[in-house]
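Comments concern the structure below.
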Amino acid sequence: MIILELIYKIYIKIRKSLQIPVRYFVKMVVAISFYTAPKKGSKPTLLIISDNGLGDYFLVQNYFKYLRTSTRYKNHKIIVLSKTDRIDCYKKFNKDIFDEIIPFYPAKYTSNFIYRIYILNKLIYKNITEVLNILVSYTDIDYDSLSTTSILQYLKPEHAVAHIIKPNDNKLLEKFNLYDELITTDRTDMYEFDRNRQFFENLLGLKIYEGNLPRIKTDSNVVTNRIGICPFKRNTTQVLTKEFWIELINLITENNPNFAVSIIGAPQDFSDVNEIIRSIKNNNNVLNLAGKIKSSDLPEYIHSCEALISVETGTVHIASAVDTNTLCISNGSFYKRFQPIPSDYINYIYPPEYYNTPKPAKDGLNIYANKTEDFDINTITAETIFNKFNEILNNTN
């Protein structure tokens, strides 16, 4: 990194006289790296790009072991390029599968010249012959898709494979001209875990049997008098107000004094959770764990909860993998793909409009899924959630 910074400082000083744009300078440095990179032998190397959310990771990680047993990749060195917030998950749950796990910040890659050169140099020296993009993003402009496209453009692997869902969308297909193999799983009524199974079966030429749900092995069977709450999601269509959570947690703490309440979230949620807790009448047993639990420890922690209340996000998929009784608050978006999860442990509450809208036949699922984005999650009351949650607790005890 120090050498790269020095090169960049020199470039900044001379770029006006040379009139070389940044993108060409990046190409020049990468080209030099290609020619100077030591040859590591003939063993092929597979690079897996995993740039989706934590919930997406838990919906696919059970299938990684089949890479090692497949004819296609059994002789490959396998590297994964992953967002930093799930590196510890790969190390804990998939440690025997990957030869190397490289942490990656997509936003930093697209905005920071030094970091971009650093990542590209790191990858160039790995002698990568094939790239596998587990699930291509469909957003036209986002950090994930931009960084992945850039990496492919510079690496120019012999083979590049992508998992896509919408093969008939011409605008989206334009971004796939960097891939020479597209594997499609286009059934609109398929749960994501099954979709990933179909993708790996098509990719590896294997029949895979993993059950209907993701599974995560936990170290303990101890269940505590703890209620987990996950109130936040990075999606504006499924955001409940702080007032909602204050009212709900007040109802829980007043009527279930023997239970502790743990509020789970990302580091950026910490101040919002503190604000909620300050407004709880009896907050002695209410903990702010936003950003305090490593992603690899979340399955164990959620498993230890008597029950979980969560918006529709990765924590619900984790709960389904460890059999924790869960009440999921959802507006119905991504119908059939991410919800409802086919588990007896996962219960749902939707906006009234969801129940009043007829479910479509299979051919109309895409239209319906788009429509559910407009269902207002804030028409669900805290009292409705509390009553359903009490029903779940009573059935558990």
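Here are a few things to note about the model shown:
- Sub-9 Å Cβ pairs linking a first residue in the range 62-87 that is part of a loop (DSSP other than H, G, I, E, B) to a second residue that is of a type in the set (Gly, Ala, Ser), at least 6 apart or interchain, are SER70/GLY205; THR71/GLY205; ARG72/GLY205, ordered by first then second residue.
- The range 44-99, residues that are among the acidic types (Asp, Glu) and over 15 Å from the mean Cα position of the chain (by Cα): ASP96, ASP99
- Taking every residue in the range 330-353 that is on the phi > 0 side of the Ramachandran plot and pairing it with any residue that is buried (at least 17 other Cβ atoms within 10 Å of the Cβ) and among the aromatic types (Phe, Trp, Tyr), at least 6 positions away or on another chain, the pairs with Cβ-Cβ distances below 8 Å are GLY332/TYR350; GLY332/TYR354; GLY332/PHE375; LYS336/TYR191.
- The conditions of being surrounded by 17 or more Cβ atoms within 10 Å (Cβ to Cβ), farther than 20 Å from THR315 by Cβ, over 27 Å from the mean Cα position of the chain (by Cα) and not acidic (Asp, Glu) are not met by ILE252.
Here is a yes/no grid of residues against (1) surrounded by fewer than 18 Cβ atoms within 10 Å (Cβ to Cβ); (2) over 24 Å from the mean Cα position of the chain (by Cα); (3) modelled with pLDDT of 95 or more:
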{"site": "ARG215", "(1), (2), (3)": "yes, no, no"}
{"site": "ASN225", "(1), (2), (3)": "yes, yes, no"}
{"site": "ILE229", "(1), (2), (3)": "no, no, yes"}
{"site": "ARG234", "(1), (2), (3)": "yes, no, no"}
{"site": "THR237", "(1), (2), (3)": "yes, no, no"}
{"site": "TRP245", "(1), (2), (3)": "no, yes, yes"}
{"site": "ASN256", "(1), (2), (3)": "no, yes, no"}
{"site": "ASP269", "(1), (2), (3)": "no, no, no"}
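- With respect to the conditions (1) surrounded by fewer than 20 Cβ atoms within 10 Å (Cβ to Cβ); (2) part of a helix (DSSP H, G or I); (3) of a type outside the set (A, V, I, L, M); (4) touching a helix residue (DSSP H, G or I) at 6+ places or on another chain (Cβ under 7 Å), PRO299 falls short on a single one, namely (1).
- Answer from THR110, THR139 - the residue that is in the same structural domain as VAL60 (by TED's automatic domain parsing), part of a helix (DSSP H, G or I) and either out of contact with any Cys (no Cβ under 8 Å at 6 or more places or on another chain) or modelled with pLDDT of 85 or more (or both): THR110
- Taking every residue in the range 184-213 that is free of Cβ contacts under 8 Å to residues at least 24 places away in the same chain and pairing it with any residue that is among the aromatic types (Phe, Trp, Tyr), at least 6 positions away or on another chain, the pairs with Cβ-Cβ distances below 8 Å are THR185/PHE199.
- Qualifying residue in the range 25-45 (condition: at pLDDT 90 or above, among the aliphatic types (A, V, I, L, M) and assigned to a helix (DSSP H, G or I)): no
- Screening the candidates PRO157, PRO103 for the property of being surrounded by 16 or more Cβ atoms within 10 Å (Cβ to Cβ) and at pLDDT 85 or above yields one hit, PRO157.
- Considered as a group, the residues in the range 195-213 that are of a type in the set (D, E, K, R) and surrounded by fewer than 18 Cβ atoms within 10 Å (Cβ to Cβ) include one that is modelled with the lowest pLDDT, and that residue is GLU210.
- Among all residues of the range 251-274, there is none that is among the charged types (D, E, K, R), in contact with an Asp or Glu (Cβ under 7 Å, 6 or more places away or on another chain) and assigned by TED's automatic domain parsing to the domain that holds PHE389.
- Residues that are assigned to a helix (DSSP H, G or I) and closer than 16 Å to ASN256 by Cα, drawn from the range 268-294: none
- Put simply, of PHE64, PHE98 the only residue that is out of contact with any strand residue (DSSP E or B) (no Cβ under 7 Å at 6 or more places or on another chain), under 30 Å from LYS207 (Cβ atoms) and crowded, with 16+ Cβ neighbours inside 10 Å is PHE64.
- One residue alone among LEU54, LEU46, LEU120, LEU132 is crowded, with 16+ Cβ neighbours inside 10 Å, in contact with a Ser or Thr (Cβ under 9 Å, 6 or more places away or on another chain) and under 27 Å from PHE338 (Cβ atoms), and that residue is LEU54.
- Pick from the range 84-93, criterion surrounded by fewer than 19 Cβ atoms within 10 Å (Cβ to Cβ) and in contact with a helix residue (DSSP H, G or I) (Cβ under 8 Å, 6 or more places away or on another chain), ranking: modelled with the lowest pLDDT: ASP85
- VAL239 meets the conditions (1) in contact with a Lys or Arg (Cβ under 8 Å, 6 or more places away or on another chain); (2) outside the structural domain of TYR345 (by TED's automatic domain parsing) in every case but one. The failed one is (2).
The values are calculated or read from the model by the stated rules, or taken from the named source; none is laboratory data. Everything numeric here is computed off the predicted structure, so don't read it as measured data. All Cβ positions, glycine included, derive from the backbone under ideal geometry; neighbour counts span all protein chains shown.
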